[in-house]
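Q: So that we are looking at the same thing, I have put the structure below in structure tokens.
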Amino acid sequence: MKKLFLLLFAAAAFAACDDDKDYGTANEEYSGTLTVTLLSDPSQVYTFDDKRFSLVSADDGTLTLWMHETQFVPQMPVLTMEVPGIAYTRMPERLNLSGERLVPKMGGTPYEKYVITNLAGTLTDAEPSDRLTLSFECMGFRVAYAGTETD
Amino acid sequence: MNDRLKNLLLSVAAAATALSASAHAEQTPVDTVVHVDRIQVTAIKQGLDLRSSPVASTVLGSRTLGRTRTSALKEVSELVPNFFVPDYGSRMTSSIYVRGLGARIDQPAMGMNVDNVPLMNKNNYDFELVDAERIEVLRGPQSTLYGRNTMGGVVNVYTLSPLAWQGTRFGAEYGSGRTMRLRASTYHKLRDGLGIAAAAWYVRSDGFFDNLATGERCDWERLGGGRLKIQWRGKRGLRIENTAAFSSLTQGGYPYAYAGDPIADQNGQTLVRPGEIRYNDPSSYDRTNFSDGFTLRYDAGRFSLSSITSYQYSDDRMILDQDFLPLSYFTLRQTLREHTFTEDLVLRSRGDRAYRWLFGAFGFYKHGRMEAPVLFKRDGIDRLILANANAHDPEYDYAWRDETLPLDSRFRMPDAGAALYHESEFRTGGWHFTAGIRVDWERAVLHYENSTTARYTKTRRADGAAYDLEFLLDEGGRLEQSFTEVLPEFSVRYAFDAGNDLYLSAAKGYKAGGFNTQMFSDVLQQKMMKRMGFGTEYDIDRVVSYKPERSWNYELGGRFTAARGALRGDFALFWIECRDQQLTVFPEGTTTGRMMTNAGRTRSLGAELSVQASPWRRLDLDLAYGYTHAVFRRFDDGRHDFRGKRIPYAPEHTASLRASWSIPTGLKWLGDLVLTAGARGAGRIWWDEENTLMQPFYVLLDATIRIEHDRYSLDLWGRNLAGERYDTFRFVSMGNAFLQRGRPRTFGITLNINISHKTDKP
């Protein structure tokens, strides 16, 4: 808890020595609910519980979001997606996250067709656990996530 | 009771008493040393006169074992009702099915003891039975006395004693498949009460099945071993016995024939047709065993104290072409080195009192190291990994930069267990009441290390941008679980007389929990798929750990004797409820592998009948029949619900009928001519949980012409004389079906020579 906030002060050092980050394991992991709405038909809503997301700081001063074993609709294969280049601004007690157009990676390579737009979110320094809220659009879906930090 | 019935019962009692007296030449209480056939063993936990115990049992004595030339436990299959030991794979696959219970891998449902020493790894059950003088098969849970992995029963093997017979024996056999079996053993009494025996054996066979890919027989074997047994019997009630045995085995094995539609290569040329054994990578099984069992017993006036200590070493290696096709998918090279120590202490009352008791304490420590590297080869990489990845991902083309993909798994498995047990028996008149309880504790630990290196290239189809990627994994962990089982038993028996009784029993049995190391290749595969961007990672603990399986066995049985002992038999009706059955299932979600779990519940109902008859002086008839109706009461593998389906691999019927006719030749030096004809059968056997594939009931006809003399015997024999075609094993690997045919018609000649120095007449 609070580790990400502390580590952001030493982002470069963290990135250099974290061997695991390429594989999507970070020190800050969240578990929460993913709510997916079909943009062309907002009545179609899918909810997935206990989804694991994580945030890792990168060398270039941005954050990378890992969406572990995620699917947006039940028919979609389970994917582990890496979303690099998320900008953040520090506010009292929270970080604001944003991204206009982000190309996710899967298995180490970029996938243009899964481009993520209009990403916005907050990482709140809360007790007893930090809270992560996110929303973005991808492949015709509006995706919202609300999770809390896991131990 | 009318007079006629009374007279009949009295005559039966007299006959049974006479029969008992002749069979047990030394009338001693069951808790002391007794002579049965030519063994001299200490009946430590139960009497050798199993006909007075409330348990369904079959005893194969030296004459039966000699006349059936039994050299392995698999040859006892079907001679005992509902006891089925299929002969497939290699000597590592010693699966035993009894009353619908059994296991292909991991924990067995049946325990095995050799001269009172328990074999702690079922991989070692299939050994050469040299000078085995008595085999007992006890059906139904024996968990109170024997503990873990005896929910289906126990097999006790006793070997010839140097205190009961002194001399030298030679045996030579030659048969189909260029199978040769040589044995030599010598038994000496060094002085009064001290005996020593040494035995050596060698077996070779070219096998019976051709692998068309190599043009050679695949089920060849070479086996050699030796045994040294020392027995000392003091005059003050102290007895010591030590048996050390060594064996070394190397064999081909795995004559698995393809059972699907023809497979063609890219040019349309047929690679394999149904019914063909055709695989290109080597497959074999090697095993080295050493064991030492030390038994110490002290008989005081009112009690006896026994200690059975053993050390068992096993080093085996299995190499498998796991696709069993003329394609290079993947191979497995599994080595397991295991050290086991066991100690069993038994304190029991002596004498023929109304109340008898037994207290025991058991402990074991087993340490195993296993390496199980799976090597994906070109076809496996192309067809199983790249084809899936390319079909799954329209954005990129995947290409492997190496020729192989190693998935290495290494394990260290220290297990320990301890148990306390008690059994009380109270007799009044013809009534015998028995109650027992055992508390078993066990801790299983698995240290694992997995590693793999994969180098591949993803090329974007849109613009040809290439990314060289590397996947490195080197991780380890530790899993631990412990469990405590309370195992009660109850029985009541009423003996009408020495040869007729009825009993009712209820007993709990269990199979130990553990870890299914075979799942680790699936774990690694899932991990790699996740790194490639798709797939779900397993929870290793949840996937490989399994807990104990438990059963309750309810049984009604009895023995009967008639016609002055010329007709003897026993019967049993049983009902087994099995819970938390250890089964392989598909995990929830979209993972492609399997996992071991305690998902099932089964019910097994059945009946058994054994009859031995001697209708004429020199004619012996043996009949054994078993029926089992074993079904899943609950089993959902994540894709299908198998409730109501028959349990695979366990036969519905087992049957054996054997007739031996002894004809005196009138020549003292020649002895008797013994003509034996037998039929044994099993089936129906379902091969899959869906019950879509099944082996119908089959019958194998055997015959022997034997010259039988005290000093030698000569057998001309034939097995499966009608050339029955049947399957002994069927399975599916990577969506392809395979089967193993039963052995074809075989013939042979066996010569045994016994040079007796002196025979103790008990």
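The values are calculated or read from the model by the stated rules, or taken from the named source; none is laboratory data. Remember, it's a predicted structure, so these values are computed and weren't measured experimentally. Reconstructed Cβ throughout: ideal geometry from the backbone, glycine too, with neighbour counts over all protein chains shown.
To keep it simple, each residue is scored yes or no on (1) of a type outside the set (Asp, Glu); (2) at pLDDT below 90; (3) farther than 24 Å from B:PRO696 by Cβ.
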site: B:ASP580; (1), (2), (3): no, yes, yes
site: B:LEU583; (1), (2), (3): yes, yes, yes
site: B:THR591; (1), (2), (3): yes, yes, yes
site: B:ALA599; (1), (2), (3): yes, yes, yes
site: B:LEU609; (1), (2), (3): yes, no, no
site: B:ALA659; (1), (2), (3): yes, no, yes
site: B:SER662; (1), (2), (3): yes, no, yes
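Q: Among the numbered criteria (1) of a type outside the set (Asp, Glu); (2) touching a Phe, Trp or Tyr at 6+ places or on another chain (Cβ under 7 Å); (3) farther than 24 Å from B:SER176 by Cβ, which one does B:ARG236 miss?
A: Tallying (1) of a type outside the set (Asp, Glu); (2) touching a Phe, Trp or Tyr at 6+ places or on another chain (Cβ under 7 Å); (3) farther than 24 Å from B:SER176 by Cβ, B:ARG236 fails exactly one: (2).
Q: To continue, here is another question. When residues of the range A:71-88 are filtered for being hydroxyl-bearing (Ser, Thr, Tyr) and facing chain B (nearest Cβ under 10 Å), how many remain?
A: 1
Q: Quick one: B:SER482 ticks every box in (1) buried (at least 16 other Cβ atoms within 10 Å of the Cβ); (2) small (Gly, Ala, Ser); (3) more than 14 Å from every other protein chain (Cβ to nearest Cβ) except a single one, so which number is it?
A: (1)
Q: Right, something else. Go through the range B:199-237 and give me each residue that's among the hydrophobic types (A, V, I, L, M, F, W, C) and touching a Pro at 6+ places or on another chain (Cβ under 9 Å).
A: B:PHE208, B:PHE209, B:LEU212, B:ALA213, B:CYS218, B:ILE230
Q: Sticking with this one: Could you tell me how many of the residues in the range B:301-342 are of a type outside the set (Phe, Trp, Tyr), over 25 Å from B:MET734 (Cβ atoms) and surrounded by fewer than 19 Cβ atoms within 10 Å (Cβ to Cβ)?
A: Adding up the residues that qualify gives 8.
Q: Can you find even one residue in the range B:627-650 that is surrounded by fewer than 15 Cβ atoms within 10 Å (Cβ to Cβ), of a type in the set (Ser, Thr, Tyr) and either within 24 Å of B:TYR726 (Cα to Cα) or modelled with pLDDT under 95 (or both)?
A: No, there is no match, as no residue in the range B:627-650 is surrounded by fewer than 15 Cβ atoms within 10 Å (Cβ to Cβ), of a type in the set (Ser, Thr, Tyr) and either within 24 Å of B:TYR726 (Cα to Cα) or modelled with pLDDT under 95 (or both).
Q: Just to be sure before I move on: is B:ALA391 within 14 Å of chain A (Cβ to nearest Cβ) and either surrounded by 15 or more Cβ atoms within 10 Å (Cβ to Cβ) or out of contact with any Lys or Arg (no Cβ under 8 Å at 6 or more places or on another chain) (or both) in the structure I sent?
A: Yes: the conditions hold for B:ALA391.
Q: May I ask you to list the residues in the range B:216-253 that are among the aromatic types (Phe, Trp, Tyr) and over 30 Å from B:TYR279 (Cα atoms)? Steps first, please.
A: Just the residues of the range B:216-253 that are among the aromatic types (Phe, Trp, Tyr), to begin with: B:220, B:232, B:246.
B:TRP232, B:PHE246 - these are the residues of the range B:216-253 that are among the aromatic types (Phe, Trp, Tyr) and over 30 Å from B:TYR279 (Cα atoms).
Q: Any residue that is among the acidic types (Asp, Glu), surrounded by fewer than 21 Cβ atoms within 10 Å (Cβ to Cβ), under 30 Å from B:TYR627 (Cα atoms) and touching a Leu at 6+ places or on another chain (Cβ under 7 Å) - is there at least one of those in the range B:488-497?
A: Yes, the range B:488-497 contains at least one residue that is among the acidic types (Asp, Glu), surrounded by fewer than 21 Cβ atoms within 10 Å (Cβ to Cβ), under 30 Å from B:TYR627 (Cα atoms) and touching a Leu at 6+ places or on another chain (Cβ under 7 Å).
Q: Given the criteria free of Cβ contacts under 8 Å to residues at least 40 places away in the same chain and either aliphatic (A, V, I, L, M) or within 24 Å of B:ARG91 (Cβ to Cβ) (or both), does B:ARG278 qualify?
A: no
Q: Step by step: first the residues of the range B:497-549, then only those that are of a type in the set (Val, Ile, Thr) and more than 14 Å from every other protein chain (Cβ to nearest Cβ), then the one that is nearest to B:GLU371 (Cα to Cα). Which residue is that? Walk me through how you get there before you give the answer.
A: Filtering the range B:497-549 for residues of a type in the set (Val, Ile, Thr) gives B:517, B:523, B:536, B:540, B:543-544.
Now drop any that are not more than 14 Å from every other protein chain (Cβ to nearest Cβ), which leaves B:517, B:523, B:540, B:543-544.
Working: B:THR517: 10, B:VAL523: 15, B:ILE540: 18, B:VAL543: 19, B:VAL544: 16 Å.
Among those that are of a type in the set (Val, Ile, Thr) and more than 14 Å from every other protein chain (Cβ to nearest Cβ), it is B:THR517.
Q: Moving to a separate point now. Six or more apart or on different chains, Cβ under 6 Å: which pairs go from a residue in the range B:79-91 that's over 17 Å from B:ASP727 (Cβ atoms) and crowded, with 24+ Cβ neighbours inside 10 Å to one that's of a type in the set (Lys, Arg) and at pLDDT 90 or above? Could you list them?
A: Going by the 6 Å Cβ cut-off, the qualifying pairs are B:ASN82/B:ARG99.
Q: Do any strands (runs of 3 or more DSSP E) entirely within the range A:39-117 hold 2 or more residues that are of a type in the set (A, V, I, L, M), over 21 Å from B:ALA389 (Cβ atoms) and out of contact with any helix residue (DSSP H, G or I) (no Cβ under 7 Å at 6 or more places or on another chain), and if so, which? Break it down into steps so the answer makes sense when it comes.
A: Values: elements: A:45-57, A:63-70, A:79-91, A:94-102.
Because the criterion is at least 2 residues that are of a type in the set (A, V, I, L, M), over 21 Å from B:ALA389 (Cβ atoms) and out of contact with any helix residue (DSSP H, G or I) (no Cβ under 7 Å at 6 or more places or on another chain), the strands (runs of 3 or more DSSP E) in the range A:39-117 that meet it are A:63-70, A:79-91, A:94-102.
Q: Provide a single number: the residues in the range B:651-689 that are closer than 30 Å to B:GLN612 by Cα, of a type in the set (Phe, Trp, Tyr) and surrounded by 14 or more Cβ atoms within 10 Å (Cβ to Cβ). Can you show your working first?
A: Here is the first cut: in the range B:651-689, the residues closer than 30 Å to B:GLN612 by Cα are B:651-685.
When the remaining residues are screened for being of a type in the set (Phe, Trp, Tyr), the result is B:661, B:669.
This time we only want the ones that are surrounded by 14 or more Cβ atoms within 10 Å (Cβ to Cβ), so: B:661.
Adding up the residues that qualify gives 1.
Q: Got a sec? Which strands (runs of 3 or more DSSP E) wholly within the range B:392-470 have at least 1 residues that are aromatic (Phe, Trp, Tyr) and within 30 Å of B:ARG353 (Cα to Cα)?
A: Hits in the range B:392-470: B:405-428, B:431-460.
Q: Read through the list (1) within 14 Å of chain A (Cβ to nearest Cβ); (2) assigned to a loop (DSSP other than H, G, I, E, B), then give the number of the only condition that B:ARG353 fails.
A: (1)
Q: Just to be sure before I move on: is B:ARG568 over 25 Å from the mean Cα position of the chain (by Cα) and modelled with pLDDT under 95 in the structure I sent? Write out each step before concluding.
A: Numbers: over 25 Å from the mean Cα position of the chain (by Cα): yes; modelled with pLDDT under 95: yes.
Yes, satisfied.
Q: Of these, B:ARG239, B:ARG317, B:ARG287, which one is at pLDDT below 95 and over 19 Å from B:ALA737 (Cβ atoms)?
A: Exactly one of B:ARG239, B:ARG317, B:ARG287 is at pLDDT below 95 and over 19 Å from B:ALA737 (Cβ atoms), namely B:ARG239.
Q: Search the range B:558-569 for residues being assigned to a loop (DSSP other than H, G, I, E, B) and touching a Leu at 6+ places or on another chain (Cβ under 9 Å), and hand back the single one that is surrounded by the fewest Cβ atoms within 10 Å (Cβ to Cβ).
A: Keep residues of the range B:558-569 that are assigned to a loop (DSSP other than H, G, I, E, B), which gives B:563-566.
With touching a Leu at 6+ places or on another chain (Cβ under 9 Å) added as a condition, the list becomes B:564-565.
Details: B:ARG564: 14, B:GLY565: 21.
Here the residue is B:ARG564.
Q: Next up: Would you point out the residue of the range B:449-472, among those that are more than 12 Å from chain A (Cβ to nearest Cβ) and crowded, with 16+ Cβ neighbours inside 10 Å, that is nearest to B:ASP397 (Cα to Cα)?
A: B:THR452
Q: Would you confirm whether any residue within the range A:87-99 is within 15 Å of A:ALA120 (Cα to Cα), at pLDDT 90 or above and β-branched (Val, Ile, Thr)?
A: Among the residues of the range A:87-99, at least one is within 15 Å of A:ALA120 (Cα to Cα), at pLDDT 90 or above and β-branched (Val, Ile, Thr), which makes the answer yes.
Q: Which of the residues belonging to the range B:533-557 are more than 26 Å from the chain's Cα centre (by Cα) and in a strand (DSSP E or B)?
A: B:PHE534
Q: Turning to a different aspect of this structure: Failed condition for B:PHE642, given (1) out of contact with any Phe, Trp or Tyr (no Cβ under 6 Å at 6 or more places or on another chain); (2) among the aromatic types (Phe, Trp, Tyr); (3) farther than 23 Å from B:LEU621 by Cβ, with all others met?
A: The one condition B:PHE642 does not meet is (1).
Q: While we're looking at this one, here's another question. Report, by residue number, each residue of the range B:127-181 that is more than 18 Å from B:VAL117 (Cα to Cα), touching an Asp or Glu at 6+ places or on another chain (Cβ under 6 Å) and not in a loop (DSSP other than H, G, I, E, B).
A: Scanning the range B:127-181 gives B:GLY177, B:ARG178, B:ARG181.
Q: Test each condition in (1) in contact with a Lys or Arg (Cβ under 7 Å, 6 or more places away or on another chain); (2) buried (at least 22 other Cβ atoms within 10 Å of the Cβ); (3) more than 30 Å from B:GLY557 (Cβ to Cβ); (4) of a type in the set (Phe, Trp, Tyr) for B:TYR510 and report the one that comes out false.
A: Result: B:TYR510 fails condition (3) only.
Q: Looking at (1) away from chain B (no Cβ under 14 Å); (2) under 30 Å from B:PHE471 (Cβ atoms); (3) loosely packed, with under 14 Cβ neighbours inside 10 Å, can you tell me which one A:PHE141 breaks?
A: The failed condition is (3).
Q: Considering only the range B:658-666, I want to know if a residue exists there that is within 21 Å of B:PRO255 (Cβ to Cβ), touching a Gly at 6+ places or on another chain (Cβ under 9 Å) and not in a loop (DSSP other than H, G, I, E, B).
A: Looking only at the range B:658-666, we keep the residues that are within 21 Å of B:PRO255 (Cβ to Cβ), and these are none.
Scanning the range B:658-666 turns up no residue that is within 21 Å of B:PRO255 (Cβ to Cβ), touching a Gly at 6+ places or on another chain (Cβ under 9 Å) and not in a loop (DSSP other than H, G, I, E, B).
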